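Student: The structure follows.
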Amino acid sequence: MRAWPVFALALALWAGAHARDRLDAWIAATVLPAPMVETGVEVLARDGRLLRAYTVADGRWRLAATASEVDRDYLAMLVAYEDRRFWRHRGVDPLALLRAGWQALRAGRPVSGGSTLTMQVARLLEDSGTGRWAGKLRQIRVALALERRLSKEAILALYLDLAPMGGNIEGVRAAAFAWFGKEPRRLTPAEAALLIALPQSPEARRPDRAPRAARAARDRVLDRMVRAGLLDASAAAAARTEPVPAARRPFPALAAHLADRLRAESPLARRHATTIDAGLQARLERLAADAVAGEAERLSVAILVADHASGEVLASVGSAGYLDGAREGFLDMTRALRSPGSTLKPLVYGLAFDRGLAHPETLIEDRPVAFGTYAPQNFDRNFRGTVRLREALQLSLNIPVVLLAEALGPESLLAALRRAGIGAELPGGQPGLAVALGGVGVSLEGLVALYGGIARGGTVVPLQAVAGPPGPPRRLISPEAAWHLGDILAALPPPPGAPANRLAYKTGTSYGHRDALALGFDGRHVAGVWMGRTDGTAVPGAFGAGLAAPILFEAFARLKPALDPLPPPPPATLIAANPALPPPLRRFRGRDGALSADPEAPAVAFPPDGAEVETAGGPLVVRVRNGVAPFTWLADGRPFAVATREREALLEDAGPGFLTLSVIDAEGRAARVQVVLR
């Protein structure tokens, strides 16, 4: 008889072991859902702040979060409320299940849940129901299998990402942004309690739709935390006085154009670390919106700010409003190729200084001039005679810069841009002298890089908005030439109402008033502003000095309280007045002395030398510039207008063929051209 107890015990042990083996096999055979959770793409500022977030494929807001990124008190409250033995059990808490079952039997209805956090994760991963026994059994099996394959920290992270928080919001991080407008690193007790209460009934407790239910559920969590010893009564009482959110808050959407571009360039990346200063970006986006408020229809603006020492982009505003459909705000105008207007002029001057063709104090003639059929005019159609190059650049005169470009060769301007890594696109054909006046397509990004190179002593560092080491610098002009440009541009008077300071800046207006630009730099930063219409149509009355320059100065004011000083001149810089310059630098003569020692000599303004002119047997109109009246005109050596004080004359009965025209002024100076009449 005594053997029976021993046998019974052995049989029980065998049965238990067999059952355990069957249970182990059952758990091991569990087909688990993929524990990988899709979270939205994030674009981060230089300090890690969220600039912009994207929904996942099904339109839900779900942002990745780890326990280290979430408030510690929230985590402690979550475990205390949902699963007190989370860190000890193996996926299922038998005591919690027994308690929930006993309470349901006594009350005739479910009173409390017995699900662990791991079981809730199992349900969320498979999107299974909670009320049926088959579903509950499946959750138990998956929870047991998850605990064998994942750490507690990984399971908790899945809950933090997947917990439903109302509407299309999932996870604690997305919920913190949607309901409180902040990261979940620091939550008040009231905020933490609401985020704990929401997943139990996310639609019935949505604070924007059911504020009373949300408040009641939150307060029940607070009461439980007092009983659990995680909150004292006074802290809980203070938390109950906090209002629940009345509406969802928008997710961050700063630097939207840049974010879209980074996402398109690296579609597999979940996080993009940028060099953007979130605070500055927000301030400049407000500035852009304010700049077009009440302005012409469809007028937009773009602003770009960078550190010219490193090339890091600190703010990139692609339009006046990303969602402004009327202004086509979705277009990123920091990268659009547009005419730079006069903003390329400093490059022409810098190249001329660099090659020994001129000096800021060199004298140059601002008088009518023609290069074949091309006869440039100043913007105001006035001429100022003999001026210093310093004044010519500050006044943004067209004729002097075209003379410099002709001496340099327009191809060298494009070559300099490309050598510096700045993209430039010609409208078509070979580059002409109009390139110096903006006859080429350059983006605002390219212009900011160009001016950053001038500010950096003549070396261009590629602009970069993605965190990383700077690109290799490329020499554009010499340090001496770059310093001269900064010294000239810093002496420009600021626009009306702007602070008087040493901001070196230049404005530009493209042909037909399509684009208004302003570029500027100080000792550390460089910025650019574009204004216009995205479709390239004219904006009547738009000038770079009137529209873009005030925004440029305001952008620097929002960047920092005071400008950084410009650097001192390099040791080899030639600083001298015109009489002290070497003789070749005192007066600009052109590539090969095309400007004679007597700039007042007459020249045939029309027809230009070598031209073919259609007269159809009628009279030929001829014009002269410079010189002193009266004038005498000759056709093939025969006079046809004598001692006329007019600068225009008619050659009657001009037959077809080659013709030599000559004009002589009152001082005996002459000019001659050869043309073909048709």
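Student: Compute the separation of the alpha-carbon centres of the range 553-588 and the range 469-526 and state it in Å as a whole number.
Tutor: Centre-to-centre (Cα) distance: 11 Å.
Student: Find out how many positive minus negative residues lie around Thr660, taking Lys and Arg as positive, Asp and Glu as negative, among other residues whose Cβ is under 11 Å from that of Thr660. Let's see the in-between values first.
Tutor: Numbers: positive: Arg638, Arg672; negative: Asp609, Asp636.
Net of charged neighbours comes to 0.
Student: If you plug each phi of the range 438-445 into the Karplus form 6.51 cos²θ - 1.76 cosθ + 1.60 with θ = phi - 60°, what whole-Hz ³J(HN,Hα) values come out, in order, with x for Gly and Pro?
Tutor: x, x, 7, x, 9, 7, 4, 4
Student: Show me 258-266, 548-556, 312-320, 145-153 ranked by packing, highest mean number of other Cβ atoms within 10 Å first. Working shown, then result.
Tutor: On the way: 258-266: 17.2, 548-556: 23.6, 312-320: 27.0, 145-153: 15.6.
Per-residue mean Cβ counts within 10 Å order the peptides as 312-320, 548-556, 258-266, 145-153.
Student: While we're on this one: Please compute the net charge surrounding Gly421, taking Lys and Arg as +1 and Asp and Glu as -1 over other residues with Cβ under 12 Å from its Cβ.
Tutor: Values: positive: Arg418, Arg419, Arg474, Arg475; negative: Glu445.
Cβ neighbours under 12 Å give a net charge of +3.
Student: Something else now. Out of Ala603, Pro550, Pro207, whose Cα points farthest toward the positive end of the dipole of the chain (charges: +1 Lys, Arg; -1 Asp, Glu; placed on Cβ)?
Tutor: Going by the Cα projections, it comes out as Pro207.
Student: If you don't mind, there's one more thing I want to ask. Relative to the Cα centre, what is the charge dipole magnitude of the range 341-559, using +1 at the beta carbon of each Lys and Arg, -1 at the beta carbon of each Asp and Glu, and rounding to the nearest 20 debye? List each step's numbers first, then the result.
Tutor: Values: 18 positive and 16 negative charges, 50 e Å.
About 240 debye.
Student: Now for a different question. For the chain, what is the relative contact order in percent, using Cα pairs closer than 8 Å and at least 6 residues apart in sequence? The partial results should precede the final answer.
Tutor: Values: 1337 pairs, mean separation 66.1, N = 678.
Reported as a whole number, the value is 10 percent.
Student: Then there's this: Evaluate 2.2 N^0.38 Å with N set to the residue count of the range 603-677, then give the Cα radius of gyration divided by it.
Tutor: Numbers: Rg = 11.3 Å, N = 75, 2.2 N^0.38 = 11.3 Å.
It is 1.00.
Student: Antiparallel as a % of all DSSP beta bridges within the chain, to the nearest 5?
Tutor: Values: 64 of 73 bridges.
Percent antiparallel among DSSP bridges in the chain is about 90.
Student: Set the Förster distance to 22 Å, then compute FRET efficiency between Asp208 and Ala237 from the Cβ-Cβ distance, nearest 0.05.
Tutor: After rounding, the FRET efficiency stands at 0.30.
Student: Charges only on Cβ, +1 for Lys and Arg, -1 for Asp and Glu: so what's the dipole of the chain about the Cα centre, in debye to the nearest 20? Could you put the intermediate results ahead of the total?
Tutor: Numbers: 81 positive and 68 negative charges, 794 e Å.
About 3820 debye.
Student: Could you pull out every one of the lysines with an alpha carbon less than 29 Å from that of Lys182, ignoring same-chain neighbours closer than 8 positions?
Tutor: List returned: Lys152, Lys560.
Student: While we're looking at this one, here's another question. Taking a cut-off of 17 Å between Cα atoms, list the lysines near Lys345, but don't count ones fewer than 8 places away on the same chain.
Tutor: Lys506
Student: Taking amide H positions as placed in the peptide plane 1.01 Å from N, state which residues far from Leu51 in sequence (5 or more) or on other chains have amide H under 5 Å from it.
Tutor: Long-range HN contacts for Leu51: Val43, Leu44, Ala45.
Student: Which of the listed residues, Leu476, Ala293, Pro184, is farthest toward the dipole's positive end in the chain, when Lys, Arg count +1 and Asp, Glu count -1 at the beta-carbon?
Tutor: My answer, from the dipole projection, is Pro184.
Student: To the nearest 0.05, what FRET efficiency results for Arg249 and Glu126 with a Förster distance of 30 Å applied to their C-beta separation? Could the numbers behind the result be given before it?
Tutor: Working: r = 31 Å, r/R0 = 1.02.
E between Arg249 and Glu126, to the nearest 0.05, is 0.45.
Student: Each residue of the range 157-168 in turn: what ³J(HN,Hα) in whole Hz from Karplus with 6.51, -1.76, 1.60 and θ = phi - 60°, glycine and Pro shown as x?
Tutor: Each residue of the range 157-168 in turn: 4, 5, 5, 4, 8, 9, 4, x, 10, x, x, 9 Hz.
Student: If you average the C-alpha positions of the range 37-57 and of the range 618-678 separately, how far apart do those two centres end up, in angstrom?
Tutor: Centre-to-centre (Cα) distance: 73 Å.
Student: Follow-up. Are there trypsin sites (Lys or Arg not before Pro) in the range 348-438 that DSSP puts in a loop and that have at most 10 other Cβ atoms within 10 Å, and which ones?
Tutor: Counting only loop positions with at most 10 other Cβ atoms within 10 Å, the trypsin sites (Lys or Arg not before Pro) in the range 348-438 are Arg381.
Student: From the list (i) 36.6; (ii) 29.2; (iii) 45.6, can you say which value of mean projected area of the Cα convex hull in nm² was derived from the structure given?
Tutor: (iii)
Student: Now for a different question. State, as an integer percentage, the relative contact order of the range 333-399 based on alpha-carbon contacts under 8 Å between residues 6 or more apart. Spell out each step's value before the answer.
Tutor: On the way: 59 pairs, mean separation 22.8, N = 67.
About 34 percent, as a whole number.
Student: Within 10 Å of each residue's Cβ, count the other Cβ atoms and sort Val142, Val37 from fewest upward. Mind dumping the intermediate values first?
Tutor: Numbers: Val142 24, Val37 18.
Result, fewest neighbours first: Val37, Val142.
Student: Which aspartates and glutamates does Lys136 reach when only Cα atoms under 19 Å apart count, and residues fewer than 8 places away in its own chain are ignored?
Tutor: Partners found: Asp24, Glu82, Asp83, Asp93, Glu126, Asp127, Glu147.
Student: How would you rank Phe658, Phe588, going from fewest to most other Cβ atoms within 10 Å of each one's own Cβ? Spell out each step's value before the answer.
Tutor: Working: Phe658 9, Phe588 21.
Placing the least packed residue first, the sequence is Phe658, Phe588.
Student: Suppose each label sits 7 Å from its Cα in the direction of the beta carbon; what would the Asp564-Ala273 distance come out to in nanometres?
Tutor: Computed distance between label sites Asp564 and Ala273 equals 2.2 nm.
Student: Here is a follow-up. Give the order of Trp633, Trp61 when sorted by the count of other beta carbons within 10 angstrom, beginning with the fewest.
Tutor: Neighbour counts put them in this order, fewest first: Trp633, Trp61.
Student: Report ³J(HN,Hα) in whole Hz for each residue of the range 297-309, in order, from the Karplus equation J = 6.51 cos²θ - 1.76 cosθ + 1.60 where θ = phi - 60°; Gly and Pro get x.
Tutor: Coupling constants for the range 297-309: 4, 6, 6, 10, 8, 9, 9, 9, 10, 9, 8, 6, 6 Hz.
Student: If the chain between Leu95 and Asn578 were fully stretched, how many nm would it gain, using 0.36 nm times the residue separation less the Cα-Cα distance? Before the final figure, lay out each step's value.
Tutor: Values: separation 483, 0.36 × 483 = 173.88 nm, distance 9.63 nm.
Length gained between Leu95 and Asn578: 164.2 nm.
Student: Which value results when the Cα radius of gyration for the range 341-559 is divided by 2.2 N^0.38 Å? Show your work: numbers first, answer last.
Tutor: Details: Rg = 16.4 Å, N = 219, 2.2 N^0.38 = 17.1 Å.
Ratio of Cα Rg to 2.2 N^0.38 Å: 0.96.
None of the figures in this text is laboratory data; all of them are computed from the coordinates on show. Source: prediction; values computed, not measured. Using ideal geometry, Cβ is built from the backbone for each residue, glycine included, and neighbour counts are taken over all protein chains shown.
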